[in-house]
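The block underneath contains the structure these notes are about, expressed in structure tokens.
The values are calculated or read from the model by the stated rules, or taken from the named source; none is laboratory data. The structure presented is a predicted model; accordingly, all values stated were derived computationally and were not measured. Heads up, the Cβs are rebuilt from the backbone with ideal geometry, glycines too, and the neighbour counts pull from every protein chain shown.
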Amino acid sequence: MVESKDAPPADGANRPEHEGDKGDFQELLKTPLEQTFSAEQTLQLLTGFVNFIRRNQPEVWTQFSQGLLSFPNDPGSHFKPVLDTPQNRLEQAYQDAQNHLIQVRHATAQAIATQKQLEQQLQKNRDQADTWQNRTKMAREQHNQELEQQAAQREKQYRMAVEDLEQQLNTQSATQSELRQRLTEFEALVQKLYTRKQVLIARHKAAAATLKAHELISQFNEEEATATLDQIEDRIVELERQLPEKELQSKCSLPDDQQKLLAHTVSSLERAISVIERFESLLKKRGVTAASDDESSVARPDG
């Protein structure tokens, strides 16, 4: 049910907080032109103006806020021109449809509120007509012809108002039903536009990335890269061939003093080996002589 004109607003709980701000805002608007506003007064004026737009022109505030949200995060980029790219055009087309949907929803809500008010008025007139009908009966029972005529006249007025309201409400209901149906269809259309927008953006990004990849591949010089690798490989092979010779030279190339020491050591070892060999030969000869003496002593009989 729609609230009556005398009922408090939906945000009645917060109304006292805004009354003071509203009064200050109105007082500041009356300030003479020659007087300069302070920083605090300027902030109050801006706050009052924003609240006024939000309460009385919600569609304007919605468009304004969405425009602010569409700005980039970089403040300096606000003055940069927007590139006319497929993605930006798709985003703008969807944003326009979304803004239009918000306006349609607001208009539909106002139409529904108007219909609720007609229903309330119709019910009140029906109640009044029934009330005056009862009064007409009471006047007739009391044989008060004057009161009966007055009550009947008032009842007739309310019955006529009921008929007019019923006719208007029937027309409004038919229009309301059609409006809701169109709103539902439009919401589905906007959702379809959003899905298609996302798909087209993804396709555009994929196509652009694929094209960039093909361009990079076509710009790559395979022959030049292969020639460079062949040159490096030839150099590595040459180094590998030189590696054994270098190792052999490193083993044989000793300083002069170390070469002399090595030669002296080898000569000393050779002399020591020669002495040992002669000593072993002498021992073998002495061993053979001792063995022959033993054999002759065994063959000779005792005294």
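Some values worked out for this structure:
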| quantity | calculated |
| --- | --- |
| Qualifying positions in the range 140-155 - under 21 Å from Gln121 (Cβ atoms) and surrounded by 14 or more Cβ atoms within 10 Å (Cβ to Cβ) | Arg154, Glu155 |
| Unique residue being more than 24 Å from Tyr94 (Cβ to Cβ) and either more than 38 Å from the chain's Cα centre (by Cα) or modelled with pLDDT under 65 (or both) when the list is Leu28, Leu43 | Leu28 |
| Residue match in the range 94-110 (condition: in contact with a Lys or Arg (Cβ under 9 Å, 6 or more places away or on another chain), among the β-branched types (Val, Ile, Thr) and at pLDDT 85 or above) | yes |
| Residue under evaluation Thr36, criteria (1) modelled with pLDDT of 75 or more; (2) within 20 Å of Ile201 (Cβ to Cβ); (3) in a loop (DSSP other than H, G, I, E, B), criterion not met | (2) |
| Test for Glu148: is it in contact with a Ser or Thr (Cβ under 7 Å, 6 or more places away or on another chain) and either assigned to a helix (DSSP H, G or I) or not β-branched (Val, Ile, Thr) (or both) | yes |
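Residues checked against (1) at pLDDT below 85; (2) in contact with a helix residue (DSSP H, G or I) (Cβ under 6 Å, 6 or more places away or on another chain); (3) surrounded by 10 or more Cβ atoms within 10 Å (Cβ to Cβ); (4) of a type in the set (A, V, I, L, M):
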position	(1), (2), (3), (4)
Gln198	no, no, yes, no
Thr228	yes, no, yes, no
Pro244	yes, no, no, no
Thr265	yes, no, yes, no
Ser268	yes, no, yes, no
